[in-house]
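Student: Got a structure for you, questions after.
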Amino acid sequence: MSTSQTPPRSAVFLDRDGTVIEQVHYLSDPTKVRLLPDAASALRRLQASGFALVVITNQSAIGRGWITVEQYGLVNDEMNRRLAAEGVELDGIYYCPEAPTGDDRTEVTHPDRKPGPGLLIRAGRELGLDLSTSWMIGDMISDALAGLNAGCRGSFLVETGKKLTDEEAQAASGFVVVPNLSVAADTILGSLTPIDDPSTPRGSSS
Ligand SMILES: [Mg+2]
């Protein structure tokens, strides 16, 4: 279907590991793919409301030589199969194989590696998306910042994946922290939470 005759769509950009599927350290085995609880139903609701669903994933294990592009693809295939069984079809999956050059997840080390906005911008161009009305959902500060850097309307941090460090939690104070993808979807669909609404960052001072 041509996108040239249709107005730009809004998208929900999604991190993969720890957001849509269970976080597994350097996941390369498709038999270990598990959809997070209620993730599929959340995506189905977003899809039914017209949002494009686009996964944006950092896969530094490829750049490090620890997993192959083929293994990465098999994991995606299994995720897609499980989503399809629940009536969800992703509009695209974009990955960055680059390994980071440092530990700071708030620093852009490659334009395509989150928090770099490169893949969101490319997806926007290729899929005919309006980034300014689109959202980003992920479990790491780099996910939230990628949405911000791409000019998205807002970013959500879900608590189903990696925990933020105290430093990252401070950087996350401008983003909406929600328990899971389902709550993020409900918030987007209900527009219940303005993007500048104060939220409680995880890992606040203890
Ligand atoms: Mg993640």
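Student: V24 fails exactly one of the following numbered conditions: (1) touching a Ser or Thr at 6+ places or on another chain (Cβ under 7 Å); (2) closer than 30 Å to T101 by Cβ. What is the number of that condition?
Tutor: (1)
Student: Given the structure, is D103 modelled with pLDDT under 95 and either within 16 Å of the ligand (Cβ to nearest atom) or more than 15 Å from the chain's Cα centre (by Cα) (or both)?
Tutor: So D103 passes the test.
One line per residue, one yes/no per condition, for (1) out of contact with any strand residue (DSSP E or B) (no Cβ under 9 Å at 6 or more places or on another chain); (2) within 16 Å of the ligand (Cβ to nearest atom); (3) at pLDDT below 95; (4) not small (G, A, S):
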{"site": "A84", "(1), (2), (3), (4)": "yes, no, no, no"}
{"site": "D91", "(1), (2), (3), (4)": "no, no, no, yes"}
{"site": "I141", "(1), (2), (3), (4)": "no, yes, no, yes"}
{"site": "L148", "(1), (2), (3), (4)": "no, no, no, yes"}
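Student: Tell me, which residue of region 157-182 that is in a loop (DSSP other than H, G, I, E, B) and touching a strand residue (DSSP E or B) at 6+ places or on another chain (Cβ under 6 Å) is surrounded by the most Cβ atoms within 10 Å (Cβ to Cβ)?
Tutor: Among those residues, the one meeting the criterion is F175.
Student: Run Y26 past the list (1) within 14 Å of the ligand (Cβ to nearest atom); (2) at pLDDT 95 or above; (3) not small (G, A, S) and report the number of the one that doesn't hold.
Tutor: Y26 satisfies every listed condition except (2).
Student: Give all pairs with beta carbons closer than 6 Å in which a residue from region 126-139 that is within 13 Å of Y94 (Cβ to Cβ) meets a residue that is basic (K, R) and more than 16 Å from the ligand (Cβ to nearest atom); count only pairs at least 6 apart in sequence or on separate chains.
Tutor: So the pair list comes out as L129/R9.
Student: Give, as residue ranges, the helices (runs of 4 or more DSSP H) completely inside region 1-90 that count at least 3 residues that are within 25 Å of D112 (Cβ to Cβ) and acidic (D, E).
Tutor: Here the list reads 69-85.
For (1) within 20 Å of G124 (Cα to Cα); (2) surrounded by fewer than 19 Cβ atoms within 10 Å (Cβ to Cβ), each residue gets a yes or a no:
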position: G63; (1), (2): no, yes
position: Q71; (1), (2): no, yes
position: M79; (1), (2): no, no
position: R82; (1), (2): no, yes
position: A85; (1), (2): no, yes
position: Y95; (1), (2): yes, no
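Student: So, of the residues in region 110-127 that are surrounded by fewer than 18 Cβ atoms within 10 Å (Cβ to Cβ) and assigned to a loop (DSSP other than H, G, I, E, B), which turns out to be farthest from the ligand (Cβ to nearest atom)?
Tutor: P111
Student: Can you tell me which residues in region 28-53 are within 17 Å of the chain's Cα centre (by Cα) and of a type outside the set (A, V, I, L, M, F, W, C)?
Tutor: R34, P37, D38, S41, R44, R45, Q47, listed by residue number.
Student: Looking at region 12-27, is at least one residue within 22 Å of T133 (Cβ to Cβ) and over 16 Å from the mean Cα position of the chain (by Cα)?
Tutor: no
The values are calculated or read from the model by the stated rules, or taken from the named source; none is laboratory data. Note that this is a predicted model, so its numbers are computed, not measured. Quick reminder, even Gly has a Cβ in these numbers, built from the backbone with ideal geometry, and neighbours come from all protein chains shown.
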